[in-house]
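The values are calculated or read from the model by the stated rules, or taken from the named source; none is laboratory data. Bear in mind the structure is a predicted one, so any value in this text is a computation, not a measurement.
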Amino acid sequence: MKRRDVIVGAVLMMVSVRCIAGDAQQQLKTLAVFSPRFHASALISALQALGWVEGRNIHIEFFDSPSDLDARRAVVHAILARSPDIIFANSSAVLSALQPETSAVPIVFVGVCQSGLSMR
C-alpha cells in the first residue's frame, strides 16, 4: 500500500464520519488544503478517482503557508473562519500553527516530525 493511499483513506474516512454524523443529504462543505496547490495534486487526483469531484460533492480551498509566524497564524484564522469540514496540512510548521487553534476540526497531516509537537 502506498503512503498516498493511506493519506487519501484518512481524509475520506474523516469526511464520511462527519457527513454521516450530520444531515445525510449534506455535502462536504470544505476541504482546506494548507499547502501549495502543486503539493496536493496527488491528493486531488486520488479523491477524483474515488468519486469526490470539485463542485459536485467537495469544495477544496488552498491556502499557502507563509514563513512568517504571525502571517501563518493569520492564515490559520482565515481557514477556521470558513468552517472547513477537514484540514489537510503538509508540514510541522503548519500543524504547530493549527493545533492550538482548533480541536473541533479534524486535521490530516503529512510531512510532520513529532519533535516539539504534542499530539492529541
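Observations on the model:
- Region 42-94, subset β-branched (Val, Ile, Thr) and closer than 20 Å to VAL110 by Cα, residue farthest from the chain's Cα centre (by Cα): VAL75
- Residue within region 109-116 that is at pLDDT below 85, outside any loop (DSSP other than H, G, I, E, B) and of a type outside the set (Ser, Thr, Tyr) present: yes
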